[in-house]
Amino acid sequence: MEIERAKPTYRKNTRSIIAPMSNLENLRKQAKQYLRWHRERYYPIAAIIRDQLPGFQQYSDPEILEADFKLADAQELVARREGFDSWQALRTGAHTAMSQSHPPIQPILTSVAPHLYVRDFNSSIDFFTTKLGFTIDFVYGEPPFYGEISRDNAKLALRFVEEPCFVEEIREREKLLSASITLGSADEIKQLYLQYQALNVPMHQTLRNEPWGAKTFIVSDPDGNLLLFASPGS
(Lines give C-alpha, C1' and ligand atoms only; values in the text may rest on other atoms or scores of the structure.)
Protein backbone atom coordinates (compact mmCIF):
# COMPACT_ATOMS: atom_id res chain seq x y z
CA MET A 1 0.00 0.00 0.00
CA GLU A 2 1.44 3.37 -0.98
CA ILE A 3 1.04 6.08 1.65
CA GLU A 4 0.45 9.61 0.49
CA ARG A 5 3.06 11.71 2.22
CA ALA A 6 0.81 14.60 2.95
CA LYS A 7 1.68 17.23 5.48
CA PRO A 8 0.57 16.00 8.90
CA THR A 9 -2.39 17.69 10.48
CA TYR A 10 -3.03 18.35 14.14
CA ARG A 11 -6.13 19.36 16.01
CA LYS A 12 -6.02 22.97 17.09
CA ASN A 13 -5.86 23.62 20.79
CA THR A 14 -9.18 24.88 22.15
CA ARG A 15 -8.37 24.92 25.84
CA SER A 16 -9.96 27.45 28.17
CA ILE A 17 -7.78 30.44 28.95
CA ILE A 18 -8.35 30.03 32.68
CA ALA A 19 -5.76 27.37 33.48
CA PRO A 20 -2.88 28.45 31.20
CA MET A 21 -3.49 32.15 31.78
CA SER A 22 -2.73 31.82 35.50
CA ASN A 23 0.98 32.33 34.76
CA LEU A 24 1.91 34.50 31.79
CA GLU A 25 5.59 33.97 32.54
CA ASN A 26 5.23 30.27 31.71
CA LEU A 27 3.86 31.22 28.29
CA ARG A 28 6.83 33.52 27.69
CA LYS A 29 9.14 30.62 28.51
CA GLN A 30 7.17 28.39 26.17
CA ALA A 31 7.67 30.87 23.32
CA LYS A 32 11.42 30.89 23.97
CA GLN A 33 11.39 27.09 23.96
CA TYR A 34 9.74 27.05 20.52
CA LEU A 35 12.33 29.54 19.28
CA ARG A 36 15.16 27.36 20.62
CA TRP A 37 13.67 24.22 19.02
CA HIS A 38 13.56 26.00 15.67
CA ARG A 39 17.16 27.14 15.95
CA GLU A 40 18.22 23.60 16.91
CA ARG A 41 16.24 22.22 13.93
CA TYR A 42 14.09 20.01 16.13
CA TYR A 43 12.06 18.42 13.36
CA PRO A 44 8.57 18.06 15.01
CA ILE A 45 8.34 21.82 15.60
CA ALA A 46 8.03 22.37 11.84
CA ALA A 47 4.61 20.71 11.66
CA ILE A 48 3.38 22.70 14.67
CA ILE A 49 4.51 25.99 13.12
CA ARG A 50 2.87 25.17 9.79
CA ASP A 51 -0.41 24.14 11.45
CA GLN A 52 -0.70 27.28 13.61
CA LEU A 53 0.93 30.17 11.71
CA PRO A 54 -0.70 31.22 8.41
CA GLY A 55 2.56 32.59 7.02
CA PHE A 56 4.16 29.14 7.08
CA GLN A 57 1.28 26.98 5.83
CA GLN A 58 2.67 26.52 2.31
CA TYR A 59 6.17 25.58 3.47
CA SER A 60 7.60 22.08 3.74
CA ASP A 61 9.29 20.96 6.97
CA PRO A 62 12.85 21.68 5.72
CA GLU A 63 11.75 25.10 4.40
CA ILE A 64 10.24 26.01 7.77
CA LEU A 65 13.40 25.01 9.61
CA GLU A 66 15.45 27.17 7.21
CA ALA A 67 13.07 30.15 7.38
CA ASP A 68 13.54 33.28 9.50
CA PHE A 69 11.65 32.55 12.74
CA LYS A 70 11.75 35.30 15.37
CA LEU A 71 10.64 35.53 18.98
CA ALA A 72 7.53 37.41 17.80
CA ASP A 73 6.65 34.40 15.62
CA ALA A 74 7.14 32.06 18.56
CA GLN A 75 4.92 34.25 20.74
CA GLU A 76 2.22 34.27 18.06
CA LEU A 77 2.51 30.47 17.93
CA VAL A 78 1.90 30.25 21.68
CA ALA A 79 -1.03 32.66 21.41
CA ARG A 80 -2.72 30.75 18.60
CA ARG A 81 -2.31 27.44 20.43
CA GLU A 82 -4.09 29.09 23.38
CA GLY A 83 -6.97 30.26 21.18
CA PHE A 84 -5.91 33.89 20.51
CA ASP A 85 -5.11 35.66 17.25
CA SER A 86 -2.01 37.42 18.58
CA TRP A 87 0.37 37.67 21.52
CA GLN A 88 -1.16 41.00 22.52
CA ALA A 89 -4.64 39.45 22.59
CA LEU A 90 -3.30 36.64 24.75
CA ARG A 91 -1.72 39.10 27.18
CA THR A 92 -4.99 41.04 27.44
CA GLY A 93 -6.91 37.83 28.03
CA ALA A 94 -4.38 36.69 30.62
CA HIS A 95 -4.66 39.88 32.66
CA THR A 96 -8.46 39.71 32.45
CA ALA A 97 -8.50 36.11 33.58
CA MET A 98 -6.11 36.73 36.46
CA SER A 99 -8.19 39.66 37.69
CA GLN A 100 -11.18 37.38 38.16
CA SER A 101 -11.72 34.56 40.61
CA HIS A 102 -12.11 31.12 39.03
CA PRO A 103 -12.51 27.66 40.51
CA PRO A 104 -9.47 25.38 40.00
CA ILE A 105 -9.43 23.36 36.80
CA GLN A 106 -9.47 19.59 37.22
CA PRO A 107 -7.32 17.89 34.55
CA ILE A 108 -9.22 15.26 32.56
CA LEU A 109 -7.47 12.50 30.62
CA THR A 110 -9.33 12.16 27.33
CA SER A 111 -7.58 9.33 25.47
CA VAL A 112 -4.70 6.85 25.42
CA ALA A 113 -2.77 5.42 22.47
CA PRO A 114 -0.53 2.37 23.01
CA HIS A 115 2.71 2.52 20.98
CA LEU A 116 3.54 -0.39 18.69
CA TYR A 117 7.11 -0.70 17.40
CA VAL A 118 7.30 -1.83 13.77
CA ARG A 119 10.11 -2.72 11.34
CA ASP A 120 8.22 -1.91 8.11
CA PHE A 121 6.04 1.16 8.60
CA ASN A 122 4.19 0.97 5.28
CA SER A 123 3.40 -2.74 5.67
CA SER A 124 2.08 -2.14 9.19
CA ILE A 125 -0.16 0.69 8.03
CA ASP A 126 -1.48 -1.57 5.29
CA PHE A 127 -2.17 -4.41 7.76
CA PHE A 128 -4.06 -2.26 10.23
CA THR A 129 -6.14 -0.48 7.59
CA THR A 130 -6.95 -3.33 5.19
CA LYS A 131 -7.10 -6.20 7.70
CA LEU A 132 -8.15 -4.72 11.03
CA GLY A 133 -10.35 -1.87 9.78
CA PHE A 134 -8.44 1.08 11.24
CA THR A 135 -8.13 4.45 9.50
CA ILE A 136 -5.10 6.73 9.37
CA ASP A 137 -5.29 9.80 11.62
CA PHE A 138 -1.89 11.06 10.53
CA VAL A 139 1.56 9.92 9.47
CA TYR A 140 4.73 11.92 10.03
CA GLY A 141 8.16 12.04 8.45
CA GLU A 142 9.72 11.76 5.00
CA PRO A 143 9.76 8.78 4.70
CA PRO A 144 7.06 8.16 7.35
CA PHE A 145 8.33 6.81 10.66
CA TYR A 146 5.51 7.68 13.07
CA GLY A 147 1.73 7.79 12.86
CA GLU A 148 -1.57 7.28 14.62
CA ILE A 149 -4.48 5.11 13.53
CA SER A 150 -7.94 4.67 14.99
CA ARG A 151 -11.10 2.63 14.77
CA ASP A 152 -14.11 4.00 16.60
CA ASN A 153 -12.74 5.02 20.04
CA ALA A 154 -9.63 2.84 19.88
CA LYS A 155 -6.33 4.53 18.98
CA LEU A 156 -2.90 3.05 18.28
CA ALA A 157 0.41 4.75 17.56
CA LEU A 158 2.95 3.12 15.22
CA ARG A 159 6.67 3.87 15.53
CA PHE A 160 9.32 2.64 13.10
CA VAL A 161 12.41 1.03 14.63
CA GLU A 162 15.40 -0.49 12.86
CA GLU A 163 16.19 -3.20 15.41
CA PRO A 164 13.94 -5.69 17.27
CA CYS A 165 12.74 -4.39 20.63
CA PHE A 166 12.16 -7.80 22.23
CA VAL A 167 14.13 -10.99 22.69
CA GLU A 168 13.11 -13.48 20.00
CA GLU A 169 9.79 -15.24 20.69
CA ILE A 170 9.46 -13.87 24.24
CA ARG A 171 6.19 -12.11 23.41
CA GLU A 172 4.60 -15.28 22.07
CA ARG A 173 5.98 -17.39 24.92
CA GLU A 174 4.95 -15.01 27.70
CA LYS A 175 1.88 -13.57 25.92
CA LEU A 176 3.19 -10.02 26.31
CA LEU A 177 0.38 -7.82 25.05
CA SER A 178 1.05 -4.57 23.20
CA ALA A 179 -2.54 -3.32 23.49
CA SER A 180 -5.94 -4.30 24.88
CA ILE A 181 -9.07 -3.26 22.97
CA THR A 182 -12.56 -3.72 24.39
CA LEU A 183 -15.93 -4.21 22.72
CA GLY A 184 -19.35 -3.64 24.23
CA SER A 185 -20.96 -7.07 23.93
CA ALA A 186 -20.39 -10.76 23.24
CA ASP A 187 -22.24 -10.46 19.92
CA GLU A 188 -19.90 -7.69 18.76
CA ILE A 189 -16.72 -9.61 19.53
CA LYS A 190 -18.08 -12.71 17.77
CA GLN A 191 -18.87 -10.66 14.67
CA LEU A 192 -15.44 -8.99 14.70
CA TYR A 193 -13.69 -12.33 15.18
CA LEU A 194 -15.53 -13.83 12.19
CA GLN A 195 -14.65 -10.78 10.07
CA TYR A 196 -10.98 -11.15 10.93
CA GLN A 197 -11.10 -14.88 10.23
CA ALA A 198 -12.53 -14.19 6.77
CA LEU A 199 -9.63 -11.78 6.11
CA ASN A 200 -7.04 -14.36 7.28
CA VAL A 201 -5.85 -12.17 10.13
CA PRO A 202 -3.12 -14.03 12.08
CA MET A 203 -4.52 -15.24 15.40
CA HIS A 204 -2.30 -15.82 18.41
CA GLN A 205 -5.34 -16.98 20.36
CA THR A 206 -8.76 -17.90 19.00
CA LEU A 207 -12.00 -16.62 20.51
CA ARG A 208 -12.62 -18.18 23.90
CA ASN A 209 -14.44 -17.71 27.19
CA GLU A 210 -12.20 -16.67 30.08
CA PRO A 211 -12.64 -17.90 33.69
CA TRP A 212 -13.32 -14.33 34.83
CA GLY A 213 -16.33 -14.04 32.52
CA ALA A 214 -14.91 -12.27 29.47
CA LYS A 215 -14.64 -13.32 25.83
CA THR A 216 -11.23 -12.70 24.26
CA PHE A 217 -9.07 -13.33 21.22
CA ILE A 218 -5.56 -12.17 20.38
CA VAL A 219 -4.30 -10.92 17.01
CA SER A 220 -0.64 -10.90 15.98
CA ASP A 221 0.51 -8.10 13.67
CA PRO A 222 3.37 -8.47 11.12
CA ASP A 223 5.92 -7.50 13.79
CA GLY A 224 4.62 -9.88 16.44
CA ASN A 225 2.79 -7.24 18.47
CA LEU A 226 -0.05 -8.99 20.29
CA LEU A 227 -3.41 -7.18 20.38
CA LEU A 228 -6.03 -8.44 22.79
CA PHE A 229 -9.71 -7.96 21.92
CA ALA A 230 -12.11 -8.48 24.84
CA SER A 231 -15.80 -8.15 25.66
CA PRO A 232 -18.26 -9.18 28.38
CA GLY A 233 -18.99 -12.88 28.26
CA SER A 234 -22.72 -12.47 27.74
Breaking point among (1) basic (Lys, Arg); (2) modelled with pLDDT under 95; (3) surrounded by 15 or more Cβ atoms within 10 Å (Cβ to Cβ), for LYS190: (2)
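Going residue by residue through region 61-70, is there one that turns out to be β-branched (Val, Ile, Thr) and in contact with a Lys or Arg (Cβ under 9 Å, 6 or more places away or on another chain)?
Within region 61-70 (the criterion being β-branched (Val, Ile, Thr) and in contact with a Lys or Arg (Cβ under 9 Å, 6 or more places away or on another chain)), the answer is yes, since at least one residue qualifies.
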Looking only at region 103-123, decide whether some residue is touching a Pro at 6+ places or on another chain (Cβ under 9 Å) and among the charged types (D, E, K, R). yes
Sole miss for TYR43 among (1) without any contact (Cβ under 8 Å) to a residue 12 or more places away in the chain; (2) under 22 Å from GLY141 (Cβ atoms); (3) surrounded by fewer than 17 Cβ atoms within 10 Å (Cβ to Cβ) is condition (1)
Among the candidates ASP137, ASP126, residue that is of a type in the set (Asp, Glu) and touching a strand residue (DSSP E or B) at 6+ places or on another chain (Cβ under 6 Å): ASP137
Under the condition of being among the acidic types (Asp, Glu) and at pLDDT 50 or above, which residue from region 1-50 is nearest to GLY83 (Cα to Cα)? GLU25
Return the only residue of VAL139, VAL161 being under 23 Å from THR110 (Cβ atoms) and among the β-branched types (Val, Ile, Thr). VAL139
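Yes/no per residue for (1) within 13 Å of the chain's Cα centre (by Cα); (2) surrounded by 14 or more Cβ atoms within 10 Å (Cβ to Cβ); (3) without any contact (Cβ under 8 Å) to a residue 24 or more places away in the chain:
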{"residue": "ALA113", "(1), (2), (3)": "yes, yes, no"}
{"residue": "ASN122", "(1), (2), (3)": "no, yes, no"}
{"residue": "PHE138", "(1), (2), (3)": "yes, yes, no"}
{"residue": "SER150", "(1), (2), (3)": "yes, yes, yes"}
{"residue": "ALA157", "(1), (2), (3)": "yes, yes, no"}
{"residue": "PRO164", "(1), (2), (3)": "no, no, no"}
{"residue": "LEU177", "(1), (2), (3)": "no, yes, no"}
Residues that are more than 26 Å from ALA154 (Cβ to Cβ): find the helices (runs of 4 or more DSSP H) completely inside region 45-141 holding 2 or more of those. 61-66, 71-81, 87-98
Checked region 102-144 for anything assigned by TED's automatic domain parsing to the domain that holds SER180, over 22 Å from LEU228 (Cβ atoms) and among the polar types (S, T, N, Q); matches are ASN122
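The values are calculated or read from the model by the stated rules, or taken from the named source; none is laboratory data. Note that the structure is predicted; figures quoted are calculated from it, not measured. As a convention, Cβ positions derive from the backbone with ideal geometry for all residues, glycine included, and neighbour counts pool all protein chains shown.
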